[in-house]
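Rule-based calculations on the coordinates, nothing more; no lab input. This is a predicted model, so every value here is computed, not measured. Here the Cβ is made from the backbone with ideal geometry for all residues, glycine too, and neighbour counts use every protein chain on show.
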Amino acid sequence: MNPLEELAQLLAQAVALIGEAASPERLEPLRVKFLGRKSRLSEIMSGLPALPVELRAVTGKQANQFKASVEAALAQRRQVLGVAPAKPALDVTLPGTAVPQGRLHPITRTIEAILGVFQPMGFEVIEGPEAEFAYYNFDALNIPPDHPSRESFDTFFIDTPSPQPAKGPLLLRSHTSPVQVRVMEQRPPPLRIVVPGKVYRPDALDPSHSFMFHQVEGLMVDDRTTFADLKGVLEQCLKALFGAHTRTRFRPHFFPFTEPSAEVDIACAACQGAGCPTCGRKGWLEIMGCGMVHPHVLKAVRYNPAKVQGFAFGMGVERIAMLQYGVKDIRLFFENDLRFLSQF
Ligand code: PHE
């Protein structure tokens with residue numbers, strides 16, 4: 001038999017035996033038998049020089065191919081037996097794997113609902129930094145250095161040297177009002193903005209307090225805005241959020257950066273003003289602070305209080321979301337328990 005035929009036969013034999021090998025350990029003896037130093041392949045290779053010239057080249061080539069084919073068969077069988085267990089064929093009739101649908105966090109939904117009330121009224125959405133200078137959080141808002149809310153007790157101060165010492169130390173903003181100042185500093189009146197964002201206060205965690213929560217701030221300044229505009233805009237907002245029948249009440253209050261100032265209450269949805277556990281028997285729920293921008297604040301941003309005036313408000317998003325969705329504990333919003341979140 002000439003070496004070419006012999007190699008063809010050997011290859012068929014090798015492939016068959018390798019294909020039948022029942023475990024990875026059975027493969028090594030086969031490798032030795034067909035490719036080893038004492039194999040027929042090895043003999044054929046060493047016999048090459050003795051062959052007639054016309055046979056020598058083809059036989060060499062055939063021998064190399066034989067080697068490559070046997071090695072490939074070995075590798076393939078090794079994989080089938082060891083590394084990768086045989087995969088069942090794809091069954092296209094099986095139902096597909098469902099991809100669970102994501103959803104927006106309830107706080108995000110409430111923020112979007114609030115912004116969605118103001119955007120059609122021409123308010124632009126703006127964001128500001130959470131790490132803020134004391135100047136914007138306090139001074140420019142007419143909160144003097146000896147004001148009680150300045151005490152570190154009420155604010156998280158950041159323990160690094162201020163990058164702009166003239167603007168005081170860095171802190172985590174305790175409200176979104178500093179963004180009013182930042183925007184007015186940059187732009188001339190008139191302006192209408194709403195500012196969603198996180199704020200921080202060192203409160204102990206309980207069902208209605210968290211050291212981080214969200215506010216939406218609003219600011220409108222021009223040459224004629226009045227308290228009546230403020231009232232109209234906020235009533236509109238609360239009716240959009242809580243339903244057309246919602247009753248609101250403006251209660252005199254004090255904020256250093258607005259004058260006059262008010263807090264806005266809505267009639268408790270649970271008891272319609274009669275008094276119940278939800279509203280602490282008051283019949284009303286406090287929803288936000290507001291007022292006419294204080295002349296000192298206008299002066300701090302180089303606006304002329306004799307020429308321009310405006311209103312500002314700030315509402316607590318968690319408060320609103322808790323009432324909208326009947327959530328009794330603020331901590332549920334931040335624990336990321338999917339059993340809670342997937343209800344929205
Ligand atoms: N910044 C105030 C707070 O956090 C809310 C507020 C904003 C009041 C704007 C008046 C005007 O309590």
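Legend note: in the chain, cysteines whose Cβ sits 4.7 Å or more from every other cysteine Cβ are 237, 290.
Ordered by packing density, taken as the mean number of other Cβ atoms within 10 Å over each peptide's residues, highest first, how do 281-288, 189-196, 65-72 rank? Please report the intermediate quantities before stating the final value.
Working: 281-288: 18.0, 189-196: 20.2, 65-72: 15.4.
The densest-packed peptide leads the list: 189-196, 281-288, 65-72.
Extending 7 Å from Cα along the Cβ direction at residue 331 and again at residue 203 yields two label points whose distance is 1.4 nm.
Per DSSP H run of at least 4 residues, take -39500 (n - 2.57); add these up for the chain, divide by its residues and hand me the 222 nm value, nearest 500 deg cm²/dmol. Walk me through the intermediate numbers first.
Working: 11 runs with 122 residues, N = 344.
Dividing the helical sum by the residues of the chain leaves -11000 deg cm²/dmol.
The calculated FRET efficiency for the pair residue 344 and residue 23, based on their C-beta separation and a Förster distance of 56 Å, comes to about 0.55.
Could you check what % of the DSSP bridge pairs in the chain are antiparallel, to the nearest 5?
Values: 43 of 45 bridges.
Taking every DSSP beta bridge within the chain, about 95 percent pair in antiparallel fashion.
Could you tell me which of rounded, prolate or oblate describes segment 106-341, using a ≥ b ≥ c as the square roots of the eigenvalues of the alpha-carbon gyration tensor, with rounded for a/c under 1.5 and, failing that, prolate when a/b is larger than b/c and oblate otherwise? Numbers along the way, then the final one.
Numbers: a/c = 1.74, a/b = 1.22, b/c = 1.42.
Because a/c hits 1.5 or more and a/b fails to exceed b/c, segment 106-341 counts as oblate.
Here the peptides 89-102, 37-50 are ranked by packing, the mean other Cβ count within 10 Å, and the order with the highest first is 37-50, 89-102. Compute the relative contact order of the chain as a whole-number percentage, counting only Cα pairs closer than 8 Å that sit 6 or more residues apart in sequence. The normalised contact order for the chain reaches 15 percent.
Compute the length gained on full extension between residue 127 and residue 50: take 0.36 nm times their separation in residues and subtract their Cα-Cα distance, giving the result in nm to one decimal.
Details: separation 77, 0.36 × 77 = 27.72 nm, distance 8.71 nm.
Between residue 127 and residue 50, full extension yields an extra 19.0 nm.
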